[in-house]
Each structure stands twice: as structure tokens, then as C-alpha cells.
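In what follows, a single structure is set out as C-alpha cells and then discussed.
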Amino acid sequence: MITGTGITKIFKQRGGVLGAREVPALRGVDFAIAKGGAVSFIGESGSGKTTLGRIIAGLETHDAGEIVIDGVPMSTLSHRARQPYFRRVQLIHQDPYSALNPTRTIHQTLEAPLRLRAKQTGRPRSWVDGRAAELLAMVGIDPGYVLPRYPHQLSGGMRQRVVIARALTMDPEVLVADEAVSMIDVSLRLGILALLKDLRERLDVGVLFITHDIATARYIGDDGELYVLYRGQVVERGATEKIIADPVHPYTQSLLSAIPVLHGLERPGAERVVPREMQREGLPDGGCLFARRCPFSTERCESEMPVLGRDGDTDQEHACFHPRRRSVIPVGVGE
Amino acid sequence: MTAHTAAPHLAAPGVRIRDLTVVYKTPAGELPAVRGVDLTLAPGTITGVVGESGSGKSTLALSLLNAVQPPGRIAAGSVEIDGLGDVVTLRGEDLRRARGRQVGYVFQAAQNSLNPLKTIGKQLLDLGRSHDVEDLRALVRDAKELLARMGMDGARVLDSYQHELSGGMRQRVGIMLALVLNAKVVVLDEPTTALDMITQATILRIIREVHEERALTTLVITHDVGAVAEVADSLAVMYGGRVVEHGPVTEVLGDARHPYTQGLIRAIPRLTGDLSLARALPGRPPTLGTLPAQGCVFRERCDRRMEVCETDEPMSVNRDGRTVACHATDRHLTLVKRKEFV
């Protein structure tokens, strides 16, 4: 179990006539990822979803808040003492083309972390090769074919599976998959998503799935939980299926409305929401962060900041003064 | 607009690609990235070409500019554009002038195709000078109008460097540069890749609106069926260098006939529908080196493979404005024999 409370991150931009400018990337985010669970962060670029993923993987520091791994608050430990904990969280990069060292065979790529693992767990060196083959079989590729090859000899889908196998060498509790399928060919995407779902069930490993495409979040498990992030704040949170079917926050509705309609198979939702303006720098920080772009904002939204809660009889949590269900997602032609 | 030396065509031009074959030189000999492609872009329509990596879609798009770079070359076929002739036969100055003026091109990752050292305005003036535009003031005015049309402050954008603009803004700058010389045929290669969902929706809406207002003939190349579905009138599906299916977008998506198109649609992550019905296509897309020398290019991943698929390349069958190249679909129709690749 990994939990976070009040995670805050401020990026300082240097330069400019007025000196340093502070850009809040995360504004007090709470989260919990259970063993074997599925949590998805969705949002546009600048929402803080990648920063949060990197903080959870121990690759980035935060300015306030607490991360607790297996009941141990990380702030109580020295940088060195934290390492074994963060090793239980493994990051799967977006780009399988740059995530693997091109001068190493897949065997070499897996061997190094497995040796470390063997040392940590008191296993003999002979365990390493067998384990490498076992992991590759687990991610659905033929070890005999892949082990002696270099990354450039593999397709994008295979490389991403190798990256996942490498992440598994550390017996992680949580895999952080940051846009893990966005660079994979469309016909192979579901294969990678099904693999993540399968690993959850077989290894009881939790998956934190970070994406801008909500539709893909459904495929890592129908028991998943969805966090919608906007400018560093969670604006809606609940069961993935519930939020997709019945979103109440206008930002979530905007995201869902933007998903292309497969004309011929689907009809557009009747109440699609289009933001009043595009995302840009310099949007005001006072009041609701989405107010300036929101088509439904009122005076209250401009001055007061809504907090995440269940206000207004909804199943999911949301941060909106005027939550309302709207049918924004496409409807199947046959339905 | 009067300042431009070549008079813009008033009506949208049609584009006819006939039996186009583009080969790349490899250690294993010349291999076809695009093979025997017939595709007609009806005047004033948006055609979407969808395909995975290695399908030949970007090579096809470059052929419209006769811009296939060595080690690739157009080995056979023609690309006829109304008012311009066969682009494949154009050379030197004629070709350079046609690019930009008659055929506008928005490159893949247009976000990264701008010069980082020059302001957008400077790059616009460079473009104008290289095409002998006499009235550069009018050009700047047109550019500002186009940018304003796409929801941006033209003067500010022209004074900006590319790093000062967001991905969505750069994409719109790319579209402006492709249209400002009054090109009537516009090719957009992956116009929304790497953009956020809401930005993508905005860009797609802008493409559709500008296309209609300026009476363009537009070709959109993408790997994203959704993006094409939202914007195109007709949809061509490419696989292994062939157009395997082509027709009106609602019909191709609503009633796909080629097993690859059917599999691709089943593989798209969607917001609704039964999760258990969605599945990835088995196998993986072919590369130049793994393309079968004979028979159907898709047969290894196909669930309706027959004996004939091993040996004979399927012919394009045309019916009711829809084209399908598959042995397993309706075979009682007029057959158009594909020329064998030499």
C-alpha cells in the first residue's frame, strides 16, 4: 500500500524581468494505491500527473506532504534509507525506444537488476538466467527469441514488454505506467493494457496508470479508480466506470467530450462540453482553477476554491460548486 | 491575395493517385513501401489515410509533393493534381514552386518543424521571398487573418519564437504556413499526435472549418482512427504499403469489410461497450523487410485466411463507392487487376 497526503510541488522558473516565478505543479494531492489495485491519473499536460507519478516512484522530491509506503512515512527516513522502499515502485516509461540501452542485449538488460535482486534475497547466481526467461514469458514474449537480441531488432510492442519485464525484476509492489501505450501501434495497444491487467491478477502488483486518454484507463481493470487532475488539483475521483458513465465536473466532461466520435459506430453525446478557452499559462489562481475556461462558472467560482468532496449527492468525489450529470460521451449507434 | 503571382484556383482541385509504387533501397534490394496504390481525393473533401507504423502512409503523403527522399524513389505510377498535372514528372524549379503554392504540407510533429532561431514572422517572410511573393505586407496580413481565424493573436504569434508557443499553437502555426500561399491541396501528416485531448478536438474542428471556408482538398494522414473519424469524409485504410479498404468514413467504420479494418476497430480503446469484446490484433505490423513477397500482406494476422491468400495478392473490388482488397470478402464483383510489382 502506498498513500500520499497533501503532496505539494512548486516549480520555480528563473529569469524574466520580475525575477523568479513560482508555478504550483501539485496543490495538496491525496492518493492511495493498494496492492494489486488499479489507479489512473488523467489530465492534460500541465495537470501534474507525470510529476506525481515521478514523486511516487521516488524520482522527484516534493515540497510538502507525506508519502507512506507499507506504513512507513518516508519523511522519517534518510535519503539512503528510502531507497529500498522506492525500489518497490517501478516506472515504465512512455517511450520504449529510448528506455532501453541500445548497446545491450535484452539478456544484459535484465541480468544486471536480477543480479542485484539475487544478492538482496540471498539467491544463487544461477537463479538469474532462469528468472530472466520466466519474466519474459510472463510478459508474453518468447525468451529464446528475445534474450540474445538488441532493442533495435524488436518492434515497439515487444520493447514495451521488455521494459515491463525489467520493471518486474525488482518484484515491485506498484508499477507506474506513464503513457505506456501512447507510442504503441493501435492494433497492439490493447495487448499491453491486457498485460497490465493480467499482472495485477497474477502477481498482485498495483498499477498506477498515467494517461491523457481516459478510454485506455478502462482496460487495466473494471475495478479501477480514476483521479482527474487539473493544474495540480484532483477535481474528480471515483470508480473509473462510474466517472466515465456519469461525470459531474465540467473539466472531466470537457475531457470526455474531446474524445473523437467513431461516426458510423457511435453518435456524439447530446451535451458535449467545450471549454470557453484553451489551456494557457497565466490563468488565475484565485477561486476554482477551471473557472475561467468553464462554460458554467458563476461569480462564486471566480472567488472561492472548491475542495474535493461528495457534496451534492454524487457517488464520486468532486471539486465543483455546481456538479451536474451531462451526457457527453458517444453513444453506440445500436444502443 | 491579389499580390500573389499565381492565381489561386477558385474551385477545389481533385487529386488522382494511380498505381503508385514507391521503393526504398535496402541491402536486400529495392523494397516497396507503397505498392500499386490507387486513391482519388474528390475535390473539396477531406480524405483520411489511417495506418500503423510501416503501412506506407507517410511515404504516400510525401509522394503528393514528389518529396520522397533517397534511398526512396517513386518507381511507378502518377499523382495527377488538377491545375498542376502529374506531380511525379515535375522537376527542379517547377516542383519547388508547386510545393507551398499548390500543395501545402503540415509535417509530422509540426510542433518541432519550426526554426528555433527565427521568429515565426521571419520564417513567414522567408517563405514569401522563396516563392517570389511581391507584396510581403499582404502576406503578413493574410497570415494574421489565418491565425486570428484559428483563435490566436496574429501579431503576437508572428513576433514569437517557437519555444514561446504551446504544442497546439505550433500546430496551428504549421497549418497557417501551409495555407498562407493559397495552396488548395493540403496534406496534414499526424496533425494531432502528441497533443492533449481537448487541444486535439480544437485542432480537428479548425481543420474542418478552414477546409470548408477555403474550399480545399485535404488529406489527413494518421495512426489514430478516432482523429480521422472526427474530421474526414472518406477513409482509406493502409496496411503493408497497400490501400486495403477505402470508402465514406461512416460506412467504413460502421460496416468494415476488410478483416484488418475490422480488427483495427475492435482494437481501439473506447469509452463504451463491452470490455471483453475488445482485443488486440494478433502478430505485429510488417516492416519493409518482413513483407511477404507474394499473396496478401495481411494474411499472417488474418482470422479469415484461405489458401489463395498465400499465393495471390487480392484485387481491389469496387462497389457502391467502396473499395476492398480481400479474397474473403464478396468475390462476385467486377475485379480490377492489380499490376504486379516489378
Within the protein assembly as shown, what percent of beta bridges assigned by DSSP are antiparallel, to the nearest 5? 60
Which residue, B:Leu64, B:Leu127, B:Leu277, tops the fluctuation ranking in a GNM of chain B built on C-alpha contacts under 10 Å? B:Leu277
I'd like the per residue volume of the convex hull spanned by the Cα atoms of the range A:199-335, given in cubic angstrom. 129
For the range A:125-142, in order, what is each residue's ³J(HN,Hα) by Karplus, 6.51 cos²θ - 1.76 cosθ + 1.60 with θ = phi - 60°, in whole Hz (x at glycine and Pro)? 4, 5, 5, 4, 5, x, 5, 4, 5, 4, 5, 5, 4, 5, 8, x, 10, 7
Taking the dipole about the Cα centre of the range A:50-192, with the C-beta of Lys and Arg at +1 and of Asp and Glu at -1, give me whichever of A:Phe86, A:Tyr150, A:Gln120 is farthest to the positive side. A:Gln120
Chain B - share of DSSP beta bridges that are antiparallel (%, nearest 5): 65
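Percent of Cα-Cα pairs more than 22 Å apart in the range A:1-109, please. Show your work: numbers first, answer last.
Values: 2572 of 5886 pairs.
Considering the range A:1-109, 44 percent of its Cα-Cα pairs are separated by more than 22 Å.
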Counting only DSSP beta bridges fully inside chain A, the antiparallel percentage to nearest 5 is 60
Which residue fluctuates the most in chain B, going by a Gaussian network model with Cα springs under 10 Å, if the choices are B:Ala278, B:Ala215, B:Ala75? B:Ala278
With a point put 7 Å past each Cα toward its Cβ, work out how far B:Arg73 is from A:Glu22 in nm, to one decimal. 6.4
On the first, second and third principal axes, largest extent first, how far apart are the outermost C-alpha atoms of the range A:257-302 in Å? 43, 22, 11
Taking beta carbons within 10 Å but only from partner chains, what does the mean come to for residues A:268-275? 1
Can you give the convex hull volume per residue for the Cα atoms of the range A:45-201, as a whole number of Å³? 135
Consider a paramagnetic label point 7 Å from the Cα of A:Arg104 along Cα→Cβ; state which residues of the range A:162-200 have an amide N under 19 Å from it. A:162-172, A:176
In debye, nearest 20: dipole of chain B around its Cα centre with unit charges on the Cβ of K, R (+) and D, E (-)? 380
State the answer as a single residue: which of B:Leu179, B:Leu195, B:Gln162 lies farthest towards the positive end of the charge dipole of the range B:159-205, with beta carbon charges of +1 for Lys and Arg and -1 for Asp and Glu, about the Cα centre. B:Leu179
For B:Val187, list long-range residues whose amide hydrogen, built 1.01 Å from N in the peptide plane, is under 5 Å from its own amide hydrogen. B:Gly104, B:Tyr105, B:Val106, B:Leu219
Which one of A:Gly37, A:Ala133, A:Leu52 has its Cα pushed farthest toward the positive end of the charge dipole of the range A:1-137, where Lys and Arg give +1 and Asp and Glu give -1 at the Cβ? A:Ala133
Name the cysteines of the protein assembly as shown that stand alone by the Cβ rule: no other cysteine Cβ under 4.7 angstrom. A:Cys294, A:Cys320, B:Cys302, B:Cys326
In the neighborhood of A:Tyr150, defined by Cβ-to-Cβ distances under 15 Å, what is the net charge if each Lys or Arg adds +1 and each Asp or Glu adds -1? +3
Can you list residues whose amide H is under 5 Å from A:Gly206's amide H, if they're 5+ apart or on another chain and H is modeled 1.01 Å from N? A:Gly36, A:Gly37, A:Val174, A:Leu175
Once the principal axes of the Cα atoms of chain A are found, what is the range along each, listed largest first in whole angstroms? 68, 54, 41
With only Lys, Arg, Asp and Glu charged, each at its Cβ (+1 for the first two, -1 for the last two), find how big the charge dipole of chain A is about the Cα centre; round to the nearest 20 debye. 1180
Could you please report the charge total around A:Ala258, scoring K, R as +1 and D, E as -1 over all other residues with beta-carbon less than 11 angstrom from its beta-carbon? -2
Calculate log10 I(q)/I(0) of the range A:112-178 for q = 0.16 Å⁻¹, where I(q) comes from the Debye formula with a single equal point scatterer on each Cα and nothing for solvent. -0.55
Percent RCO, i.e. relative contact order, over chain B, from Cα pairs under 8 Å lying at least 6 residues apart: 21
According to the square roots a ≥ b ≥ c of the eigenvalues of the Cα gyration tensor, what is the shape class of the range B:245-302, taking rounded for a/c under 1.5, prolate for a/b larger than b/c otherwise, and oblate for the remainder? oblate
What number comes out for the charge environment of A:Gln279, summing +1 per Lys or Arg and -1 per Asp or Glu over other residues with Cβ under 11 Å away? 0
Order these by the 10 Å Cβ neighbour count, fewest first: A:Leu229, B:Leu31. B:Leu31, A:Leu229
Relative contact order for chain A using alpha-carbon pairs under 8 Å, separation at least 6, rounded to a whole percent? 19
For chain B, what is the calculated [θ] at 222 nm in deg cm²/dmol (nearest 500), taking -39500 (n - 2.57) for each run of four or more DSSP H residues and dividing by its residue count? -8500 deg cm²/dmol
Cα-based Debye curve of chain B sampled at q = 0.10, 0.12, 0.15 Å⁻¹ gives log₁₀ I(q)/I(0) of -0.61, -0.87, -1.28
Between A:His152 and A:Glu302, 0.36 nm times their residue separation minus their Cα-Cα distance comes to what? 48.8 nm
When you look at the Cβ of every residue in B:190-202, what mean number of other chain Cβ atoms sits within 10 Å? 6
How many Cβ atoms of partner chains, on average, are near each residue of B:49-55 if near means within 10 Å of its Cβ? 3
Protection proxy (average C-beta count within 10 Å per residue), highest first, orders B:138-145, A:76-83 as B:138-145, A:76-83
Once you sort the root eigenvalues of the Cα gyration tensor of the range B:184-342 as a ≥ b ≥ c, which label holds: rounded (a/c under 1.5), prolate (a/b larger than b/c) or oblate (the other case)? prolate
How compact and how long is the range B:50-114, expressed as Rg and Dmax of its alpha-carbon atoms in Å? 12.5, 34
Which residue fluctuates most in the GNM of chain A (Cα springs below 10 Å): A:Val181, A:Val23, A:Val162? A:Val23
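Against the globular-protein guess of 2.2 N^0.38 Å, express the Cα radius of gyration of the protein assembly as shown as a ratio, rounded to two decimals. Write out the running numbers ahead of the final one.
Values: Rg = 26.3 Å, N = 677, 2.2 N^0.38 = 26.2 Å.
Normalised Rg, Cα atoms only: 1.00.
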Karplus-derived 3J(HN,Hα) from phi for the range A:36-42 (6.51 cos²θ - 1.76 cosθ + 1.60, θ = phi - 60°), whole Hz, x at Gly and Pro, runs x, x, 10, 10, 10, 9, 10
What span do the alpha-carbon atoms of the range A:231-283 cover on each of the three principal axes, reported in whole Å from largest to smallest? 40, 27, 15
Between A:Val333 and residues 5 or more places away or on another chain, the pairs with built amide H atoms under 5 Å apart involve A:Glu266, A:Arg267
Rounded to the nearest 20 debye, what is the charge dipole size of the protein assembly as shown about its Cα centre when +1 sits on each Lys and Arg Cβ and -1 on each Asp and Glu Cβ? 1540
I need to check one value: relative contact order of the range A:99-222, counting alpha carbon pairs closer than 8 Å and at least 6 residues apart, in percent. 24
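Over 24 Å between Cα atoms, which of A:Lys12/A:Lys49; A:Lys9/B:Lys118; A:Lys12/B:Lys144; B:Lys118/B:Lys144; A:Lys35/A:Lys242 qualify?
Correct reply: A:Lys9/B:Lys118; A:Lys12/B:Lys144.
Bear in mind that the values in this text are calculations on the coordinates, not laboratory data. Because the structure is a prediction, the values reported are computed rather than measured. We place every Cβ from the backbone using ideal geometry, glycine too, and count neighbours over all the protein chains shown.
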